[in-house]
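See structure below.
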Amino acid sequence: MRSAVRWLAAVAGTLWLASGASALPPERWSAEKANAWYAKQPWLVGSNYTPATASNELEMWQAATFDPKRIDLELGWAEGIGLNTMRVFLDDLLWKQDAAGFSKRLDEFLAICAKHHIRPVLVLFDSVWDPDPKLGPQPPPRPGVHNSRWLQSPGAKALEDPNEYPRLEAYVRGVVGTFGHDERIVAWDVWNEPDNTNGGSYTDPKDKVQRVNELLPKVFAWAREAGAQQPLTSGVWKGDWSDPAKLGATEKIQLQESDVISFHNYDKAEEFEKRIKWLQPYGRPIICTEYMARGNGSTFEGSLPVAKKYNVAAINWGLVAGKTQTYLPWDSWKKPYIDREPEVWFHEIFRKDGKPYKQQEVDLIKKLTTSRTK
């Protein structure tokens, strides 16, 4: 019965704008409310998650390639080493394609997560990698290239066309309206790396950051107005956060709008710790939503004990090596690893068969998560 209600709610969400519904916008959580919420959580530790059978968000979620058996298997491995959260990317095109079907699959995914005592962070939008997403069968990964089929949401065409914004609004209101009271979800990450212009890997609109900065506060508002009972966030990922005067325009929006503070860091433990200290003056819970790039000096051995020391939630990139190929380093975009394995895996914890990449890493994760303290 609950699932049927969710599917109907999903369809209803697409009609929200046409209904003329309106209300005073809910406010950002106070620091007191955010800290009270965090005090009730276990120490959150997990991975950014895409099943090994999917190369991107669309392949993970579309009906033809949604793979609940594989997801169940992999999340069992995660549970076995003490992970209790996953950060999972959605896509606006999924709502456009089939809102009810997507909601049904998301509900099934959340049931699998709950079976394994995992509460995910769901990501609504993402500015990273391919700006031209297309529904339907996804092309195979580019041989030897890190995350070669990952997609932006919204794509460049939608971002550049204000006529598309009501559709994006309907997506946010629909998904959050359907699942915003769901206790199986721990938080919403409204936009991943909003001001990432992809460093030449793809051609983004010249005014991308300006357009994103105009939309980002609206996305926070849409999610709040849709009734999100979980906290909202968007993670800062570059620049100097030590002084508000040094923040870029996007970082200011992210830190001013987020109920809980989140950040990314793929550097050594010393830099990881420094950035935590930069964010502590905001007086809110802190979640690291991306870390762990072995070849760049970011490791479980270095960063995870620091996260525990400061009671910072820690979500590394990658659980299982698969079609995202993010065990390959970033430099594979320039020199694909077609005829060789990297000397050191960049991301991921498990091989495709469930064996750990490094037994000492999973031993450490199990040790730290087994002795969770607040």
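When the residues of the range 346-366 are filtered to those that are in a loop (DSSP other than H, G, I, E, B) and in contact with a Ser or Thr (Cβ under 9 Å, 6 or more places away or on another chain), which remaining residue is farthest from Leu44 (Cα to Cα)?
Of the range 346-366, the ones in a loop (DSSP other than H, G, I, E, B) are 346-349, 351-355, 357-358.
With the extra rule that they be in contact with a Ser or Thr (Cβ under 9 Å, 6 or more places away or on another chain), the set shrinks to 346-349.
Values: Phe346: 22, His347: 19, Glu348: 18, Ile349: 17 Å.
My answer is Phe346.
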The number of residues in the range 98-117 that are assigned to a loop (DSSP other than H, G, I, E, B) and charged (D, E, K, R) is 0
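Inside the range 69-97, can you point out the residues that are part of a helix (DSSP H, G or I) and either touching a Lys or Arg at 6+ places or on another chain (Cβ under 9 Å) or modelled with pLDDT under 95 (or both)? Give the derivation first.
Of all residues in the range 69-97, those part of a helix (DSSP H, G or I) come to 69-80, 92-97.
Those that are part of a helix (DSSP H, G or I) and either touching a Lys or Arg at 6+ places or on another chain (Cβ under 9 Å) or modelled with pLDDT under 95 (or both): Asp72, Leu75, Gly76, Glu79, Gly80, Asp92, Leu93, Leu94, Trp95, Lys96.
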Note on Pro336: of the conditions (1) without any contact (Cβ under 8 Å) to a residue 60 or more places away in the chain; (2) farther than 19 Å from Gly46 by Cβ, unmet is (1)
Taking the range 59-76 and keeping residues within 13 Å of Arg105 (Cα to Cα), touching a helix residue (DSSP H, G or I) at 6+ places or on another chain (Cβ under 7 Å) and of a type in the set (A, V, I, L, M, F, W, C) leaves Trp61, Ala63, Phe66, Ile71
Exercise. Can you find even one residue in the range 309-320 that is in contact with a strand residue (DSSP E or B) (Cβ under 9 Å, 6 or more places away or on another chain), at positive phi, touching a residue at least 60 places away in the same chain (Cβ under 8 Å) and not in a helix (DSSP H, G or I)?
Worked result: yes
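Could you look through the range 118-138, keep only residues that are assigned to a loop (DSSP other than H, G, I, E, B) and within 18 Å of the chain's Cα centre (by Cα), and pick out the one that is surrounded by the fewest Cβ atoms within 10 Å (Cβ to Cβ)?
We begin by selecting, within the range 118-138, every residue assigned to a loop (DSSP other than H, G, I, E, B); these are 118-120, 127-129, 131-138.
Still in the list and also within 18 Å of the chain's Cα centre (by Cα): 118-120, 127-129, 131, 133.
Details: Ile118: 23, Arg119: 21, Pro120: 24, Ser127: 22, Val128: 20, Trp129: 18, Pro131: 23, Pro133: 24.
The selected residue is Trp129.
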Pairs returned, first residue in the range 155-182 that is among the hydroxyl-bearing types (Ser, Thr, Tyr), second residue that is assigned to a helix (DSSP H, G or I) and modelled with pLDDT under 95, beta-carbon separation under 8 angstrom, 6 or more apart or interchain, are Thr178/Arg6; Thr178/Ala9; Thr178/Ala10; Thr178/Gly13
Scanning the range 1-52 residue by residue, those of a type in the set (S, T, N, Q), at pLDDT 95 or above and within 21 Å of Arg119 (Cα to Cα) turn out to be Asn35, Gln41, Ser47, Asn48, Thr50
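The values are calculated or read from the model by the stated rules, or taken from the named source; none is laboratory data. Predicted model, so just to flag it, every value in this text is computed and none were measured. Note that each Cβ is placed from the backbone with ideal geometry, even for glycine, and that neighbours are counted across all protein chains shown.
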